[in-house]
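Colleague: Just dropping this structure here.
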Amino acid sequence: MHLNFKILCLIICISIFGCKTTEKETNRKIEGENNFFISIYDSDIDNPENDRRCYYMIYVDKIESGRTTTGLESQEKYFDTQLTSNRHLIKVEKWVLNESLGRYVKMNNIDQPKPDFIYINIDKDRIVKVKLKSSKSGTSSYSMTIE
Amino acid sequence: MNGYKKSILLIIFLSFTMSCKISKNSETEPNNTFSNANQIEINKEITGYLESENDIDNYYLNIDEEQILKIELSGIKGVNHSINIFKNENSKPQLIKVIDDNRKSSSETFANLYVQSGQYIFTITHGSRDLKKGNIETPYKLLITSRSYLNEEKEPDDNPYSATEIGDKSQTMGYFSPAQNSLNNDPISRMKEIDWYKFNINISDNTPVLIDLKLSGVTGVDSVVSVLNSAMEEIINVDSAGTGEGEIITDFGIKESGIYYIQVSSKNFLFNHDTPYELQLDYKTYNQNSELELNNSFEKANIISNNIITGKINSPGDQDFYQFIPPFKNKYYKAGCTGVDGLDIIMTVYDNNRNKLFEINNSGPGGSETIPYFMIKNSVYFSVSASSLAASEPQYTLAIEKFESNEVLEIEPNNSKNTANLINNSITGFITYKNDIDYYLIKYEGRQKVKISVRGVKDGKIKISTTDQLGFIIKSKEIESDEEISFNEIFDKKGYIIVEPIVANFEFPYIINIEDL
């Protein structure tokens, strides 16, 4: 009976550890999935009239890679893609909606977030998540997490 | 001696000849009433005076046979005079015409009074417009001449009751004379001199009759022609030509038996006492491949029964409506309308609920308007009109044919987000008309990156744009002729592709392919 209890405890422990190991593995990049995520938003919009609809064009290593979702400046807009293991230059370019034209137009360079780039390192089986927080003054701050 | 005799004979002969043509006479006062009217004769000029503001001079003329009279009254300086014409029936003079141009010092003329055996009284009096005053210095001269009656209007024919009767293949002569009709008190056409004609139509086997009506031009006169039914409703009015030019009504359809009336008149009281007009009327039986006027509304639209119909634009404002009931519903059809040289066709298509789908005016005068293909779900209406009408026989042909294709085709109208065509993998579209904008809707479960490949329109130039979910443009590309371009785009669940012409070509299609990445 005592031996049976020990075996049961051992099985439970193995199961718990086994589960944890699997959970850790889900944070790792799976072959063929995106490993770079960026979200961008304006942090200090306090007037709905100034909260314009916009998106960000994303350039990876100076090549257009795609764009974020569209949304208000105060909302988080996302983009993700798959990058090779290497150091990469990520540059963002803000486009805002001109309602009278019915189209998005690129913001003047002086109004673009500063800095408008970040270097990231992509390691094998790692995911890089960048959060870009922009402000009315034009300054931007980047935070990055690696999982 | 012989020469002297010859001269005398010549003088006598000339005097005799001249006196036979026109002899002169003077009025005998008092002649202010019908009972003491002076007798006058044809070809015999009479001189008289309107001596005071109250002076009236009456003359009577005995007619023994049907004929046409021309009445000419010279002007009196500073006086607006007029001629009242009476027919003496059973010793009761009936006023049949007033000749008054409402101007001082001017002469009065009436080119063609139709008379039959009986007595006619001509009253020279003051006109109604100006202050009445006499003139004992300037006499008037009244001259009535005559000619035989042959295929002419029967003046006075100023109302439907006195309309001149005409028939098939008739050629009738008339005059835009006199300038005005003081007896016309109709609020719409007050004072207007209108010549009325009437003709009878008998419909057999329910086959409509087409009439052709041709009015020749008269120098200095801008004419108008109207046709009325027996209920005195105007069913067509033609005023397409300018001054000195004629008017034409062709292939105007009449579906009901009865008496119909024609009104011939001039605009702005223009007249011509010397040159007649000719009014020509012809009937023919309706051919179901021809237009049947009056078809100027949805309610009166002609049915296109054999996929083809010919018609005519009778006036600048003429709009011909046709209904096409497709033998196969929800199928693609091609439509084309070709006009003669000088005729710039506008072809408009409406759905079964009479909503305008599109207006086609891509070509210039003499060109063909084509809809390369469009889906007909139920019946549709076509209207054909013209933006320029410089053809003598402004005829057109409207033809419709089934369009077979194995490709996924655009469904017009798709000019807005609300009418956008859902696109899956591929679609073929056309620039159907000037400024045609085609919207395509793209839908995904989530965010989807796609590769868009577009082959442009041969001999044209298009702009292709992608939009966000709300339809705001994110990206635009221009494509020259039939070159092929590709670009990537990301759609967040939903977006649109918009195709706009920069240089329109209506003959060749563009093709859009979408590939998920």
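We did not get these values from a lab; they are worked out from the coordinates using the rules stated. This one's a predicted model, so the numbers in the text were calculated from it and none came from an experiment. Backbone-built Cβ (ideal geometry, glycine too); neighbour counts: all protein chains shown.
Colleague: Helix-derived [θ] at 222 nm for chain B: sum -39500 (n - 2.57) over DSSP H runs of at least 4, divide by residue count, nearest 500?
Modeller: Numbers: 1 runs with 20 residues, N = 517.
One gets -1500 deg cm²/dmol as the mean residue ellipticity at 222 nm.
Colleague: Restricting attention to region B:113-216, which GluC sites (Glu not before Pro) occupy a DSSP loop and are surrounded by at most 11 other Cβ atoms within 10 Å?
Modeller: Numbers: sites: B:Glu137, B:Glu152, B:Glu153, B:Glu165, B:Glu193; in loops: B:Glu137, B:Glu153, B:Glu193.
The qualifying sites are B:Glu137.
Colleague: Hey, what angle do you get for helix B:2-21 against the long axis of chain B, alpha-carbon based, 0 to 90 degrees rounded to 10?
Modeller: Orientation of helix B:2-21: about 60 degrees from the principal axis.
Colleague: Would you mind pulling out the separation of the Cα centroids of region B:84-137 and region B:443-503, in Å?
Modeller: After rounding, the separation between the Cα centres reads 80 Å.
Colleague: Could you compute the longest span of chain B free of chymotrypsin sites (Phe, Trp or Tyr not before Pro) located in DSSP loops and having at most 12 other Cβ atoms within 10 Å, not counting the site residues? Display every interim value, and only then the final one.
Modeller: On the way: sites that count: B:Phe298, B:Phe328.
With a cap of 12 other Cβ atoms within 10 Å, the longest stretch comes to B:1-297.
Colleague: A further question follows. Find the lysine pairs in region B:146-224 meeting two conditions, Cα atoms under 15 Å apart and a separation of 8 or more places or different chains, and report how many there are.
Modeller: Lysine pairs meeting both conditions in region B:146-224 amount to 4.
Colleague: Straight-line reach only, C-alpha to C-alpha below 19 angstrom: list the aspartates and glutamates that B:Lys356 could link to, leaving out same-chain residues fewer than 8 apart.
Modeller: Cross-link targets: B:Glu299, B:Asp318, B:Asp320, B:Glu369, B:Glu410, B:Glu412, B:Asp436, B:Asp438.
Colleague: Within 10 Å of each candidate Cβ there may be at most 11 other Cβ atoms; applying that plus a DSSP loop requirement, which trypsin sites (Lys or Arg not before Pro) in region B:62-158 survive?
Modeller: Sites meeting the loop and neighbour criteria: B:Lys77.
Colleague: Between region A:63-114 and region B:351-419, what is the C-alpha centre distance in whole Å?
Modeller: For region A:63-114 versus region B:351-419, the Cα centre distance is 43 Å.
Colleague: Between the DSSP loop rule and a limit of at most 13 other Cβ atoms within 10 Å, which GluC sites (Glu not before Pro) in region B:279-312 are left? Provide the component values of the computation, followed by the final result.
Modeller: Working: sites: B:Glu291, B:Glu293, B:Glu299; in loops: B:Glu291, B:Glu299.
Sites meeting the loop and neighbour criteria: B:Glu299.
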